Amino acid sequence: MLMTRPRRPLILAVLAVLVAPVIAMPFVPFKTVSLEENRRLAPAPTLPTTPGEWRKLPRAIDAWLADHFGFRDPLMQTAAELQRGLGGEGAAATAVTGRQGQMFLVDGLLRSTGQEVDPARAADYAAFVCEAKARLPGVNVVASLAPSPAEIVGDLAPDWAGPARSPTEYDLVLKGLARCGVTSVDLRPSLRATRAEGQVYRQLDSHWSLRGSLTAYGQIVQAMGQPGWRIDPKALSWGVVALDNGDLPRLAGRPQAFEQVEIHDRTALPPGAARAPIPGLASRAAPPFLIDTGKPGPTVLIVGDSFTADPMPPYFAPFVGKVAWVHEDRCGFDWRVVGRVKPDYVLFLAAAREAVCDGARPAHFN
């Protein structure tokens, strides 16, 4: 039977929809991992050399096409949104489990293993710190990044997040800081070495442990030219407690679970120190605060995030007059904090996955 004319446009439209994803394949970015599904995508088929490989070739081609056809990502996202709208779970969990029960935040995981690298993003963050240093004459400026766990315990990361490659964006940020003369600290070697002594990152939480933060603090004050501010881990009292406050099980859609967590006795401020909010400053995240130790000494301003808000001030407090903290807000924090605090030292220490400016600069920066 001949095709009737009214049906021809419909047939042509259906064929176009079916063929378009295949035609688009050479023009879409090649990916090896799907973050929507938290898995490695099928590799390209290789030329078979044995009868067994020839028999497997059709399935390999089918898997390759299914994982790499054009417009796959937006279709997967649309399907996830539709599933959520119908009461399902939708997209993949935002936290995953690697080896030995170690959990990882999906955000920034591929960046930490070097599988995903955006040189422009790294250059923009480094430029932000360099511009900030130029506006801080006479101030001792030190910058670093709190590494994502997979950069330190990469052997425990899920298979699909590897293998590790270099340079990572962490490397590129450090190179950018070096070019403009900012004193920077690569925390990765010392944190990796500290694994031999104890827990460096929480197992069920996206942050470093107290031992990890103390290791980072030691490297930072050394870079500040204040080795006398270091705290010997052996001088502290250590213990282990069971905690169920980790954020990663919840992000993975699982019930809360207990983990064994190392603690020490340097988590409180020294006697006489008082913490108060800094009024009149805009903040999209946690509000900025100032700790006055009640004694003379330099002032340290920490531009950070949740990696620094709790552990770092008690480390600095015994050695300084004041410690201030402001959330970096992806480079959009209120620059007026500098005038309020009048720091002698400024520490830029964001989580590596949060070292993203997207072209933003602090409010009242210019």
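The values are calculated or read from the model by the stated rules, or taken from the named source; none is laboratory data. Every value quoted in this text rests on a predicted model; they were computed, and no experiment measured them. Quick reminder, even Gly has a Cβ in these numbers, built from the backbone with ideal geometry, and neighbours come from all protein chains shown. We work out accessible area using only protein heavy atoms, side chains counted, and drop any ligands, DNA or RNA first. Shrake-Rupley method; radii C 1.70, N 1.55, O 1.52, S 1.80 Å.
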Q) Of the residues Ala193, Ala122, Ala161, which is free of Cβ contacts under 8 Å to residues at least 24 places away in the same chain and among the aliphatic types (A, V, I, L, M)? A) Ala193
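Results for (1) surrounded by 14 or more Cβ atoms within 10 Å (Cβ to Cβ); (2) within 18 Å of Ser144 (Cβ to Cβ); (3) in contact (Cβ under 8 Å) with a residue 12 or more places away in the chain, shown as yes or no for each residue.
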position: Gln260; (1), (2), (3): no, no, yes
position: Ser283; (1), (2), (3): yes, no, yes
position: Val300; (1), (2), (3): yes, yes, yes
position: Gly304; (1), (2), (3): yes, yes, yes
position: Thr308; (1), (2), (3): yes, yes, yes
position: Pro318; (1), (2), (3): yes, no, yes
position: Asp334; (1), (2), (3): yes, no, yes
position: Ala355; (1), (2), (3): yes, yes, yes
position: Arg361; (1), (2), (3): yes, no, yes
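Could we say that Arg230 is under 21 Å from the mean Cα position of the chain (by Cα), basic (Lys, Arg) and open to solvent by 50 Å² or more (accessible area, probe 1.4 Å) here? Write out each step before concluding.
Numbers: under 21 Å from the mean Cα position of the chain (by Cα): no; basic (Lys, Arg): yes; open to solvent by 50 Å² or more (accessible area, probe 1.4 Å): yes.
No; evaluated as a whole, the condition is false for this residue.
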Q.
Residue under question is Ala242, and the condition is that it be open to solvent by less than 60 Å² (accessible area, probe 1.4 Å), part of a loop (DSSP other than H, G, I, E, B) and modelled with pLDDT of 95 or more; does it hold?
A. no
Q: Mind listing whichever residues of region 336-347 are among the basic types (Lys, Arg) and either open to solvent by less than 10 Å² (accessible area, probe 1.4 Å) or out of contact with any strand residue (DSSP E or B) (no Cβ under 7 Å at 6 or more places or on another chain) (or both)?
A: Arg336, Arg340
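How many of the residues in region 195-206 are more than 19 Å from Pro158 (Cβ to Cβ) and buried (at least 21 other Cβ atoms within 10 Å of the Cβ)? Let's see the steps before the verdict.
Going through region 195-206, the residues more than 19 Å from Pro158 (Cβ to Cβ) turn out to be 196-199.
After this cut, where a residue has to be buried (at least 21 other Cβ atoms within 10 Å of the Cβ) as well, the list is none.
Going through region 195-206 one residue at a time, the tally reaches 0.
Go through region 99-158 and give me each residue that's β-branched (Val, Ile, Thr) and either on the phi > 0 side of the Ramachandran plot or open to solvent by less than 20 Å² (accessible area, probe 1.4 Å) (or both).
Of region 99-158, the ones β-branched (Val, Ile, Thr) are 106, 113, 117, 129, 139, 141-142, 152-153.
Val106, Thr113, Val129, Val141, Val142, Ile152, Val153 - these are the residues of region 99-158 that are β-branched (Val, Ile, Thr) and either on the phi > 0 side of the Ramachandran plot or open to solvent by less than 20 Å² (accessible area, probe 1.4 Å) (or both).
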Q. How many of the residues making up region 262-281 are open to solvent by less than 70 Å² (accessible area, probe 1.4 Å), more than 13 Å from Gln203 (Cα to Cα) and outside any loop (DSSP other than H, G, I, E, B)?
A. 4
**Q.** Condition check for Pro163: assigned to a loop (DSSP other than H, G, I, E, B) and open to solvent by 60 Å² or more (accessible area, probe 1.4 Å)
**A.** yes
Q. Can Gly294 be described as over 30 Å from Ala126 (Cα atoms) and in contact (Cβ under 8 Å) with a residue 60 or more places away in the chain?
A. no
